[in-house]
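Undergrad: A single structure is presented below for examination.
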Amino acid sequence: MPFEPLTHEPAVEPGQAREIARDLVVVPNLGVDLVPNIGIIGGSHSVLVVDTGLGPRNAEKVLAFAAEHARGRRIYLTTTHFHPEHAFGAQVFADEATYLVNSAQAADLVHKGPGYLEMFRGLGAPVARALDGVVLATPDVVYDDAYELDLGGRVVRMEATGRAHSKGDQVVTVPDAGALFTGDLVETGQFAIFPWFPPHDTDVSGSRWIEVLGRLAAAGPDIVVPGHGDISGRRILTDVREYLELLRDETWSRRDSSLPEETIAAEIEALMIERHPEWEGRDWIAKGVGCFCADHLKIAMG
Ligand SMILES: [Zn+2]
């Protein structure tokens with residue numbers, strides 16, 4: 001989610017897909033804003049698509065690519081969370097695939113989907129065009145905590161992490177390949193995305209996010225496919241957690257002073273940019289500070 005209006009098409013490029021493990025393909029985002037990394041995981045009788053791209057035209061490209069890859073196998077779709085570039089193409093899969101998500105994400109789609117559709121339409125003409133014709137899809141199967149999907153000779157595990165980057169985050173694990181799809185719980189090469197938009201959306205929780213990343217790292221995946229940015233090893237889980245911990249500590253150590261939040265945010269922004277000069281998404285630092293300030297307040301008030 002950028003703040004500046006986008007001037008380019010947020011186009012998914014299936015032609016750039018690559019196999020990262022046996023019958024496990026990723027359509028990489030190639031560093032393009034509002035394009036997610038998309039996964040296609042195959043078993044003997046079924047394939048699972050992870051995330052749709054932004055809007056129906058991108059999702060049509062993803063579905064066509066997935067159908068070609070599937071060669072007659074049954075198709076499932078899941079989405080890592082409800083944000084538009086991850087889930088707002090699901091309608092295209094309606095007649096071709098079974099759409100499964102966790103219950104918290106299904107609730108996000110209903111309660112927050114329409115507001116995010118409006119907000120994203122304001123992010124420039126190419127984004128508004130990509131969103132043209134979006135109808136928010138209703139999942140076919142909804143689970144609460146975890147779901148094991150048998151693709152034939154390969155079982156993938158879908159798991160609701162609890163509130164972190166959003167209320168309904170979900171991760172997808174492919175145990176035989178040691179692969180983990182994290183959605184926006186992890187990005188490489190950019191500051192963690194905090195969709196902190198009070199009073200409209202305050203679901204993101206930095207404190208819970210830190211806990212979730214600790215649990216994911218303990219599981220020790222070999223391959224981590226982030227929501228955006230390059231595919232990495234397990235080290236990225238620790239790198240992101242350490243960034244969030246530093247953001248928290250720097251925020252909380254200033255929070256009790258009489259400094260206004262904007263001053264705190266500016267100080268921490270300078271510090272983080274100095275530490276990670278090559279990372280993109282600098283606007284998300286101040287959003288993260290706002291989120292941690294609120295977390296601190298909740299803790300102080302018990
Ligand atoms: Zn997101």
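The values are calculated or read from the model by the stated rules, or taken from the named source; none is laboratory data. Quick caveat, the model's predicted, so the values are computed rather than measured. FYI the Cβ positions are ideal-geometry reconstructions off the backbone, even for glycines, and counts take in every protein chain you see. The accessibility values were calculated without ligands, DNA or RNA, using every heavy atom of the protein model including side chains. Shrake-Rupley method; radii C 1.70, N 1.55, O 1.52, S 1.80 Å.
Undergrad: If you take the residues of the range 224-237 that are in contact with a Gly (Cβ under 9 Å, 6 or more places away or on another chain) and open to solvent by 30 Å² or more (accessible area, probe 1.4 Å), which of them is farthest from the ligand (Cβ to nearest atom)?
TA: Checked the range 224-237; the qualifying residue farthest from the ligand (Cβ to nearest atom) is ARG234.
Undergrad: Additional query: Taking the condition of being away from the ligand (no atom under 16 Å from the Cβ), part of a strand (DSSP E or B) and buried (at least 21 other Cβ atoms within 10 Å of the Cβ), how many residues in the range 76-99 meet it? Even if it seems obvious, please write down each step before you answer.
TA: Applying the first criterion (away from the ligand (no atom under 16 Å from the Cβ)) to the range 76-99 yields 76-77, 91-99.
After this cut, where a residue has to be part of a strand (DSSP E or B) as well, the list is 76-77, 97-99.
Keeping just the survivors that are buried (at least 21 other Cβ atoms within 10 Å of the Cβ) gives 76-77, 97, 99.
Residues flagged as away from the ligand (no atom under 16 Å from the Cβ), part of a strand (DSSP E or B) and buried (at least 21 other Cβ atoms within 10 Å of the Cβ) within the range 76-99 amount to 4.
Undergrad: While we're here: Please tell me if LEU30 is surrounded by fewer than 24 Cβ atoms within 10 Å (Cβ to Cβ), modelled with pLDDT under 95 and either more than 16 Å from the ligand (Cβ to nearest atom) or over 16 Å from the mean Cα position of the chain (by Cα) (or both). Can you show your working first?
TA: Values: surrounded by fewer than 24 Cβ atoms within 10 Å (Cβ to Cβ): yes; modelled with pLDDT under 95: yes; either more than 16 Å from the ligand (Cβ to nearest atom) or over 16 Å from the mean Cα position of the chain (by Cα) (or both): yes.
The answer is yes for LEU30.
Undergrad: Specify which of the listed residues (ASP108, ASP95) is of a type in the set (Asp, Glu) and under 22 Å from VAL172 (Cα atoms).
TA: Numbers: ASP95 fails: under 22 Å from VAL172 (Cα atoms).
One residue alone meets the criteria, ASP108.
Undergrad: Counting residues that are of a type in the set (Val, Ile, Thr), more than 14 Å from the ligand (Cβ to nearest atom) and open to solvent by less than 10 Å² (accessible area, probe 1.4 Å), which strands (runs of 3 or more DSSP E) fully inside the range 144-214 reach at least 1?
TA: Details: elements: 146-150, 155-160, 170-174, 179-187.
Fully inside the range 144-214 and qualifying: 155-160, 170-174.
Undergrad: Next up: Among the residues of the range 247-264, is any out of contact with any Asp or Glu (no Cβ under 9 Å at 6 or more places or on another chain) and among the aromatic types (Phe, Trp, Tyr)?
TA: Going through the range 247-264, the residues out of contact with any Asp or Glu (no Cβ under 9 Å at 6 or more places or on another chain) turn out to be 247, 249, 253, 256-258, 260-263.
Keeping just the survivors that are among the aromatic types (Phe, Trp, Tyr) gives none.
Within the range 247-264 (the criterion being out of contact with any Asp or Glu (no Cβ under 9 Å at 6 or more places or on another chain) and among the aromatic types (Phe, Trp, Tyr)), the answer is no, since none of the residues qualifies.
Undergrad: Somewhere in the range 129-140, is a residue farther than 15 Å from GLY39 by Cβ, part of a strand (DSSP E or B), open to solvent by 10 Å² or more (accessible area, probe 1.4 Å) and out of contact with any Lys or Arg (no Cβ under 8 Å at 6 or more places or on another chain)?
TA: As a first pass, look at the range 129-140 and keep what is farther than 15 Å from GLY39 by Cβ: 129-140.
This time we only want the ones that are part of a strand (DSSP E or B), so: none.
No, there is no match, as no residue in the range 129-140 is farther than 15 Å from GLY39 by Cβ, part of a strand (DSSP E or B), open to solvent by 10 Å² or more (accessible area, probe 1.4 Å) and out of contact with any Lys or Arg (no Cβ under 8 Å at 6 or more places or on another chain).
Undergrad: From the list GLU262, GLU250, pick out the single residue that is more than 16 Å from the ligand (Cβ to nearest atom) and within 30 Å of LEU180 (Cα to Cα). Spell out how you get there, then give the answer.
TA: Details: GLU262 fails: within 30 Å of LEU180 (Cα to Cα).
None of the others qualify; the one that does is GLU250.
Undergrad: On the basis of being surrounded by fewer than 23 Cβ atoms within 10 Å (Cβ to Cβ) and within 16 Å of the ligand (Cβ to nearest atom), does LEU6 make the cut?
TA: Values: surrounded by fewer than 23 Cβ atoms within 10 Å (Cβ to Cβ): yes; within 16 Å of the ligand (Cβ to nearest atom): yes.
For LEU6, the condition - surrounded by fewer than 23 Cβ atoms within 10 Å (Cβ to Cβ) and within 16 Å of the ligand (Cβ to nearest atom) - is met.
Residue-by-condition table, conditions (1) in a helix (DSSP H, G or I); (2) at pLDDT 95 or above:
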{"position": "ASP239", "(1), (2)": "yes, yes"}
{"position": "LEU246", "(1), (2)": "yes, yes"}
{"position": "PRO277", "(1), (2)": "no, yes"}
{"position": "LYS287", "(1), (2)": "yes, yes"}
{"position": "GLY302", "(1), (2)": "no, no"}
